[in-house]
Amino acid sequence: MMSPDPAPNPAADESDVVFDSAAELFRLLSTPIRLKIISALCSQEKNVSQLLAEIDTTQPNMSQHLATLHRAGVLVRRRDATQIYYRIGSERAATLCRAVCTQIATEFDGSVELPASERLTPLTSAGRG
């Protein structure tokens, strides 16, 4: 005889949704070019040509990443004649990106020595030797 299934735990289900959503956001932001795109759009909207002038990649690659960020709601776009302009659509995602990248830049700066417990990057990361 099989034992009955344990009673469902709504708190565990909710935390699973939270962790799954966070993992999906981190997956979306896990590509350096996507972080560069978000950074480039933090101050103003730009079209693909303007983004390509700032970010070293091909036009097809740029378009693929812009489409991915747009589908996820991180970016929004508007058409002006033949040009498509992109801007930040999720200020929360942009804020997370900015906070993490700023923290890591501070760690790589080397002018401030942080204890391991306050670091986001391992001491053996690239640039730290």
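Using a 1.4 Å probe, what is the accessible area per residue for the chain, in Å²? Please list the in-between numbers first.
Numbers: 8840 Å² over 129 residues.
So the chain comes to 69 Å² accessible per residue, rounded to a whole number.
Helix 59-71 and the longest principal axis of the C-alpha atoms of the chain enclose an angle of approximately 50°. Close amide H partners of GLY89, meaning residues 5 or more places away or on another chain with modelled amide H under 5 Å apart, are LEU75, VAL76. Largest mean-square fluctuation among ALA23, ALA94, ALA81, in a Gaussian network model of the chain whose springs join Cα atoms under 10 Å apart, belongs to ALA81.
What the phi angles of the range 32-46 give under the Karplus curve with 6.51, -1.76 and 1.60, with θ = phi - 60°, is a coupling list of x, 5, 5, 5, 5, 4, 4, 4, 5, 9, 4, 9, 6, 6, 8 Hz, glycine and proline written as x. The phi torsions of the range 95-105, fed into the Karplus equation with coefficients 6.51, -1.76 and 1.60 and a -60° offset, translate into couplings of 5, 4, 4, 4, 4, 5, 5, 5, 4, 5, 4 Hz, rounded to whole numbers, with Gly and Pro shown as x.
Ligands, DNA and RNA left out, the accessible area of the chain computed with a 1.4 Å probe is 56% carbon and sulfur. Judged by the gyration tensor of its Cα atoms, with axes a ≥ b ≥ c, the chain is oblate; a/c meets the 1.5 cut and b/c is at least as large as a/b. Database remark: amide H of GLU45 closer than 5 angstrom to no amide H (H placed geometrically; neighbours at sequence offset of 5 or more, or on other chains; Pro and chain starts carry no H). Peptide packing: for 28-36, 69-77, 114-122, the average count of neighbouring Cβ atoms within 10 Å per residue gives the ranking 69-77, 28-36, 114-122, highest mean first.
The values are calculated or read from the model by the stated rules, or taken from the named source; none is laboratory data. Note that the coordinates shown come from a computational prediction; the quantities given were computed from them, not determined experimentally. Methodologically, a virtual Cβ is constructed for each residue, glycine included, from the backbone with ideal geometry; neighbour enumeration extends over all protein chains shown. These area figures cover heavy atoms from the full protein model, side chains too; ligands, DNA and RNA do not enter into them. Shrake-Rupley method; radii C 1.70, N 1.55, O 1.52, S 1.80 Å.
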